[in-house]
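Asker: After the structure tokens below, expect a handful of questions from me.
Every read-out reported here was derived from the displayed coordinates using simple, explicitly stated rules and does not represent laboratory data. Source: prediction; values computed, not measured. Cβ coordinates were reconstructed from backbone atoms using ideal geometry, including for glycine residues, and neighbour counts include every protein chain displayed.
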Amino acid sequence: MNTDTEKLINKILEQTILIDSDDIPAIDLYMDQVTTFMDKHLGSSKRFDEDKIITKTMINNYAKNELIPSPEKKKYSKEHILMLIFIYYFKNILSINDIKTLLKPISELHFGSTKYTSLEDIYNEITTLEMDNMDTLKNDILNSVNLCDNLFSNCKNSEKDFLKQFSLISYLCFDIYIKKQIIENIIDGINEEDAKAKAKAKREAAAKAKAKKEAKKEAKKETKPENRTDLM
């Protein structure tokens with residue numbers, strides 16, 4: 001395996017330090033403070049210096065499209081920032097609609113909730129899993145590198161290095177493609193269950209409305225005076 005490739009992998013994994021929830025301010029922040037916080041803690045993941053981790057426009061669009069709850073008096077809570085962190089990682093793989101599907105139950109059930117698992121507890125459990133398995137991820141990537149490093153052994157040196165790099169990129173892309181397919185199918189399942197729940201609720205509401213209408217009709221019949229011919 002190329003030593004430079006291994007150094008690159010180690011460098012990227014070392015830079016991938018997920019934000020500790022304890023580092024997020026407990027007080028509500030204005031938008032400028034949110035963008036500053038995100039840039040400070042995720043800035044090392046930028047590919048180019050001019051890249052933006054998050055902008056005011058992005059945050060406004062996330063709220064407008066219901067990816068995050070609207071801020072309170074133009075201030076964003078710790079839970080808002082946790083959701084923005086999820087969005088930051090999701091958006092590199094998933095569409096806005098898919099992210100909305102994933103975050104909708106989080107917003108409805110766990111954002112500011114005392115009844116369900118807190119959003120911070122969810123975040124901590126997921127990030128702990130990810131960091132605890134960083135070595136497994138590293139070994140998996142290094143194994144991919146070694147597999148591709150054994151290819152094109154009969155090629156000329158002038159083309160061998162590039163073909164190995166090309167094969168590694170192709171192999172990693174295929175891995176991402178398969179995992180993306182799995183993720184999208186899981187999300188489609190969530191959408192399907194949501195659609196079924198909405199259809200069921202609609203049927204139940206229609207049945208209740210019909211029953212109410214019938215009951216009202218019957219009550220009207222009972223209160224209607226009989227036609228008395230003997231009084232004529």
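Asker: Keeping to the range 123-140, report how many residues are in contact (Cβ under 8 Å) with a residue 24 or more places away in the chain and either over 22 Å from Lys11 (Cα atoms) or of a type in the set (A, V, I, L, M) (or both). Quick ask: steps written out before the conclusion?
Answerer: Of all residues in the range 123-140, those in contact (Cβ under 8 Å) with a residue 24 or more places away in the chain come to 123-124, 127, 130-131, 134, 137-138.
Subset that is either over 22 Å from Lys11 (Cα atoms) or of a type in the set (A, V, I, L, M) (or both): 123-124, 131, 134, 137.
Residues that pass the stated criteria total 5.
Asker: Next question. Hand me the list of helices (runs of 4 or more DSSP H) wholly inside the range 84-179 holding 1 or more residues that are within 15 Å of the chain's Cα centre (by Cα), among the polar types (S, T, N, Q) and under 23 Å from Ala26 (Cα atoms).
Answerer: Working: elements: 96-105, 119-132, 134-149.
The qualifying helices (runs of 4 or more DSSP H) are 119-132.
Asker: Here are some conditions: (1) farther than 30 Å from Asp149 by Cβ; (2) assigned to a loop (DSSP other than H, G, I, E, B). Phe48 meets all but one. Which one does it not meet?
Answerer: (1)
Asker: What pairs come up if the first residue lies in the range 43-61 and is touching a residue at least 12 places away in the same chain (Cβ under 8 Å), the second is small (Gly, Ala, Ser) and outside any loop (DSSP other than H, G, I, E, B), and their beta carbons are under 8 Å apart, counting only those six or more places apart or on different chains?
Answerer: The qualifying pairs are Ile53/Gly43; Ile53/Ser45.
Asker: If you don't mind, there's one more thing I want to ask. Could you please give the count of residues in the range 54-81 that are part of a loop (DSSP other than H, G, I, E, B), surrounded by 13 or more Cβ atoms within 10 Å (Cβ to Cβ) and under 16 Å from the mean Cα position of the chain (by Cα)? Steps first, please.
Answerer: Let us first name the residues in the range 54-81 that are part of a loop (DSSP other than H, G, I, E, B), namely 54-55, 65-71, 73-74, 77.
Narrowing the set further to residues that are surrounded by 13 or more Cβ atoms within 10 Å (Cβ to Cβ) leaves 54-55, 67-69, 71, 77.
Then keep just the ones that are under 16 Å from the mean Cα position of the chain (by Cα); that gives 54, 67-69.
Number satisfying all stated conditions: 4.
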